[in-house]
Amino acid sequence: MKYDEIEDYILLNINTGVYKSGQKIESENNLSSKFNVSRMTVRRAIENLIHSNYLYREQGKGTFVKNHEDKLSIFLNEIIGFSERAKRQNLHASTKILKYNLITPNKSIQDILLLSENENVYYVERLRYINDEALVLEITYIPEKYVDKNELEVFFNSKYEYAKKKNLNILKLEKEFMGILPSREIKEALKIRDMTPVFKQKVIAHLDTGDIFEYTEAYYNQEKYKFVEIVRK
């Protein structure tokens, strides 16, 4: 399909530095002539790259390359929380608690957390900020037995600092990533534009006892983050 060729051409120009961050790409007319296709085909290719977060459009000015150079980095192979990561990067982190309830989990959450039918969990919804800008919406399920009500301030600010303080040794984090189109609630919380995808991260924290400390679903504003993995031989 011709629009695939146009996408590949634009991406090649981005990856080789022909199109630089913030630079305006060729017009739809130029691309239409170059590939001998209709403007509708060109527009489809450009829209796909906008939705994939490579390009953005300014009304009346044209289409430009997104700047990925100033994104915050998340290293996939680290056991580190939001607050600690921000501190390491000399950024100011803060948290707003949206919801905090003791609930009876459904069967799916019970199975993930390895709980029996009579065990309850705390449902915690947090909005995470960097320099007063909301960047991550987190929804966490944590067994009631792990939550000390006298330490809620520590718990709300950093689950992993709280775990360390309570001598709960997190052995590993099981992570799953996917790109999704956000719900209205997520768009409003993170103040993102319509049809802009977000990174959804699922995290299961395993303790050295074999128990599960938490299950979290986090939604990242992908315009602000990039995910990096370092593999050593």
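The values are calculated or read from the model by the stated rules, or taken from the named source; none is laboratory data. Computed from a prediction, not measured in an experiment: that's the story for all the values here. Note: ideal-geometry Cβ built from the backbone for every residue, glycine included; neighbour counts use all protein chains shown. The accessibility values were calculated without ligands, DNA or RNA, using every heavy atom of the protein model including side chains. Shrake-Rupley method; radii C 1.70, N 1.55, O 1.52, S 1.80 Å.
Accessible surface of the chain, 1.4 Å probe: 47 percent of it comes from carbon and sulfur atoms. Between the beta carbons of LYS191 and ASN101, assuming R0 = 22 Å, the FRET efficiency works out to 0.30 to the nearest 0.05. Of the residues ILE186, ILE142, ILE25, the one that moves most in a GNM of the chain with alpha-carbon contacts below 10 Å is ILE25.
Any idea what angle helix 2-15 forms with the longest principal axis of the chain, computed on alpha-carbon atoms, 0 to 90 degrees, nearest 10? The angle comes out at about 70 degrees.
At q = 0.15, 0.17, 0.20, 0.23 Å⁻¹, what is the log10 ratio I(q)/I(0) for region 20-64, with the Debye formula run over Cα points and no solvent? Debye output, listed in q order: -0.35, -0.45, -0.62, -0.81.
Probing with 1.4 Å while keeping every protein chain in the model, the per residue accessible area of the chain equals 57 Å². P(r) for the chain, from all Cα pairs and a bin width of 10 Å, is 7, 27, 29, 18, 12, 6, 1 %, short bins first.
Restricting attention to region 128-158, which chymotrypsin sites (Phe, Trp or Tyr not before Pro) occupy a DSSP loop and are surrounded by at most 15 other Cβ atoms within 10 Å? Intermediate results must be reported in sequence, preceding the final value.
Values: sites: TYR129, TYR141, TYR146, PHE155, PHE156; in loops: none.
Sparse-neighbourhood loop chymotrypsin sites (Phe, Trp or Tyr not before Pro): none present.
Exceedance of the 25 Å cut-off in Cα-Cα distance is limited, within the set LYS172/LYS202; LYS61/LYS191; LYS34/LYS224, to LYS34/LYS224. Length gained on full extension, GLU5 to ASP132: 41.6 nm, using 0.36 nm per residue less the C-alpha separation. Spin-label pair GLU161-THR209: with each label point 7 Å from Cα along the Cα-Cβ axis, the two points sit 2.4 nm from one another.
Note on region 121-233: Cα Rg divided by 2.2 N^0.38 Å, N the number of residues, gives 1.15.
Note on the chain: helix-only mean residue ellipticity at 222 nm, from DSSP H runs of 4+ residues weighted -39500 (n - 2.57) and normalised by residue number, equals -8000 deg cm²/dmol.
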